[in-house]
Structures are given as C-alpha cells and as structure tokens.
Ligand SMILES: C[S@@+](CC[C@H](N)C(=O)[O-])C[C@H]1O[C@@H](n2cnc3c(N)ncnc32)[C@H](O)[C@@H]1O
C-alpha cells in the first residue's frame, strides 16, 4: 500500500476497499440475475451470468436452472432486480436525484416491478379487509391508483378484477403517456383511465371501493393534504391502503429504506405516523398489516359504513 511520507495508513483504507469489492459483486450479481431471468442475452454472457448466480447458490449447478425463486415468476425477478439497478445508476451518475428526472427505462422497470408485486399483494391482503374482495369483483367496482406511474399496477389490477374500473392519477406527463400506451396495449382502455392530477387537490364524486396511496413516492405536503381527500372519496365501507417504508429493521435496512424513499421523492412514514394520518382522516379499523419480506409496510383503514 502506498503511503505519503510521514503518514501512517489508516485502517479505513483497506476496509473501504474490501467493502467496495463486496458491493461491486452485489451490483454485478443483480445485473446477472436480470440478464438470466429476462432470458434474452447473448449465450456466452448468459452462461457467465448463470455461473455467478450458481456460485451465489441461486442455481443447482453452473448453467442449470435458477433455484430458490419461490413462487416468483422470472419476469418478476428481472423487473425487481432491474428497477433497483436503474435507479441506483441514476443516483450514482448524478442524472436523477428526483423521480421526475428518471429515464423511461427506470419508470418502466419500476412500474413492472410494482405490477408484478401488486396482484400477489392484493390477494394476500384482501382476506384481512372484510368484504373488499367481493366488492372489487362486483359490477361497478372502482379503484383509485394514486401515483399510477406507467400504469402497470393499474392494468394488472384491472386484469385481476374484470368488472372493476380503475382511475390512475399522476403529476408527470411522460409517465401518463407511457400509462396510456400500456392501457391500450392491454386492451383495458374501457375500464382503466388515467389523468394528470396532483393527489393534493384530488376530488371525485363517484366513490371508490379501494384506494392505493404509496407514501414512498408522494412528497410530505401532497401526502398530508391528499390523504384526507382520498379518504373522503371512498365509498362507505371502502378501504384505503397506504404503502410506506418498513422500519424497525437493522440500522442498515432502515437507512436504506430512508434513502430509497427520499430518492423516490416521497415521505418517510413509520407505522405510528401512518396510523395517525388514517385515523385523522376519519377512517376506522386502522391498523398495520404484516407483509412478506421485501414488500413495503402497509397500513389500512376503512370508511365507516
Ligand atoms: C413510481 S410510480 C409507482 C409505480 C406505479 N404503480 C406503476 O405501475 O408504474 C409513483 C408515481 O407517483 C407519482 N406522484 C408523485 N407525487 C404525486 C402526487 N402528488 N400526486 C399524484 N402522483 C404523484 C410520481 O410521478 C410517480 O410516477
């Protein structure tokens, strides 16, 4: 190790290098997972990527099929891994400190990741919310998707509930353009509508059976004024589902949650604060519900009947 005359090397120097090497491997492993799960890479590169995954225990043998994916579809894994990489790259390159500055690629990767997660999450949560499953399956059902982005989760929800109308709102023209394309491509334009609308000023007269509000993407002033408006737009007995960062993990996990939330332009919110906001908006049965590892924390509340 090179030293400057008269100075002792600090112990931080070798530690930092070792740490960077570990993180370097993690970044390349995520890229390898994306490549293999997507399945459209050049053969030699894909084999090398598989070998890296096998060494990490994600394939029984070099070149063999991936293991340990649970029930996740390969597309879901590819979206999840790519979304993290795209956004981390934007942050590292200085190109994207705000969500509005993200590339289409980042928006689409994030949207697909959220859509892949939306349906299993809805199925997992519905039994905890009274008759909501029946309401969403009934003719005339309506769902509000706040921060609809590229509309991927709105489309996936509409496909899951073929009678349901979905309204998606967002403040970004580019995201809404991409959402309209996705809605048309999926053939659900008779049931999924998106419009440019800040949740801070939201109002709707027809009512919703379910509304989704992702705090990690909504800045604090918009969340504070928008949440009561969304609650007011629920039908009697309808549910508001607020996604927020999971806290109470290790210091590194909590710090990462906060970094991601701020990088998304959203509001760091813990369970207590989420419960308080829903209670102040006049909702009942307010409570956090347990979510699987890797999923956001969720707090729910119901409009009184
Ligand atoms: C990244 S998306 C979430 C992914 C989305 N479910 C999908 O399928 O693409 C979050 C969105 O929230 C939007 N957003 C942020 N602040 C908002 C606000 N005040 N009102 C409405 N939408 C907002 C952002 O523009 C962003 O497109």
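When each of 125, 143, 136 is tested for being touching a strand residue (DSSP E or B) at 6+ places or on another chain (Cβ under 7 Å), away from the ligand (no atom under 16 Å from the Cβ) and in contact (Cβ under 8 Å) with a residue 60 or more places away in the chain, the lone residue that passes is 136. With respect to the conditions (1) closer than 13 Å to residue 241 by Cβ; (2) touching a helix residue (DSSP H, G or I) at 6+ places or on another chain (Cβ under 8 Å), residue 128 lacks only one, and its number is (2).
Within the range 231-260, the set of residues being over 22 Å from residue 143 (Cα atoms), touching a helix residue (DSSP H, G or I) at 6+ places or on another chain (Cβ under 9 Å) and in a helix (DSSP H, G or I) comprises 257, 259, 260. Looking at the range 210-227 only, could you name the residues that are assigned to a helix (DSSP H, G or I) and touching a helix residue (DSSP H, G or I) at 6+ places or on another chain (Cβ under 9 Å)? 215, 216, 217, 221, 222, 223, 224, 225, 226, 227 - these are the residues of the range 210-227 that are assigned to a helix (DSSP H, G or I) and touching a helix residue (DSSP H, G or I) at 6+ places or on another chain (Cβ under 9 Å).
Report yes if residue 304 is part of a helix (DSSP H, G or I) and under 24 Å from residue 206 (Cβ atoms), otherwise no. Here the answer is no, as residue 304 does not meet what is asked. The set of residues in the range 213-239 being more than 17 Å from residue 267 (Cα to Cα) and under 22 Å from the mean Cα position of the chain (by Cα) consists of 231, 239.
Here residue 196 clears all of (1) within 30 Å of residue 35 (Cβ to Cβ); (2) in contact with a strand residue (DSSP E or B) (Cβ under 9 Å, 6 or more places away or on another chain) except the condition numbered (1). Looking at the range 192-200, can you tell me whether even one residue there is crowded, with 17+ Cβ neighbours inside 10 Å, over 21 Å from residue 272 (Cα atoms), modelled with pLDDT under 95 and within 9 Å of the ligand (Cβ to nearest atom)? For the range 192-200, residues crowded, with 17+ Cβ neighbours inside 10 Å, over 21 Å from residue 272 (Cα atoms), modelled with pLDDT under 95 and within 9 Å of the ligand (Cβ to nearest atom): absent. Say we look at the range 174-191 and pick out the residues that are out of contact with any helix residue (DSSP H, G or I) (no Cβ under 9 Å at 6 or more places or on another chain) and more than 10 Å from the ligand (Cβ to nearest atom); which of these is nearest to residue 219 (Cα to Cα)? Restricting to residues being out of contact with any helix residue (DSSP H, G or I) (no Cβ under 9 Å at 6 or more places or on another chain) and more than 10 Å from the ligand (Cβ to nearest atom), the top hit is 177. Could you check, for the range 127-149, whether at least one of its residues is buried (at least 16 other Cβ atoms within 10 Å of the Cβ) and on the phi > 0 side of the Ramachandran plot? Scanning the range 127-149, I find at least one residue that is buried (at least 16 other Cβ atoms within 10 Å of the Cβ) and on the phi > 0 side of the Ramachandran plot, so the answer is yes. The set of residues from the range 214-253 being surrounded by fewer than 21 Cβ atoms within 10 Å (Cβ to Cβ), free of Cβ contacts under 8 Å to residues at least 40 places away in the same chain and more than 24 Å from residue 124 (Cα to Cα) comprises 221, 225, 229, 250, 251, 252. Tell me yes or no: at least one residue of the range 275-285 is in a helix (DSSP H, G or I), at pLDDT 95 or above and either within 16 Å of the ligand (Cβ to nearest atom) or under 22 Å from residue 115 (Cα atoms) (or both). So far as the range 275-285 goes, yes, one or more of its residues are in a helix (DSSP H, G or I), at pLDDT 95 or above and either within 16 Å of the ligand (Cβ to nearest atom) or under 22 Å from residue 115 (Cα atoms) (or both).
Selection of first residues in the range 1-29 that are under 24 Å from residue 55 (Cβ atoms) and of second residues that are at pLDDT 55 or above, restricted to Cβ pairs under 8 Å at least 6 apart or on distinct chains, gives the following pairs, ordered by first then second residue: 27/85; 27/88; 28/52; 29/52; 29/53; 29/56.
The values are calculated or read from the model by the stated rules, or taken from the named source; none is laboratory data. Small disclaimer: the values here were computed from a predicted structure and weren't measured. Backbone-built Cβ (ideal geometry, glycine too); neighbour counts: all protein chains shown.
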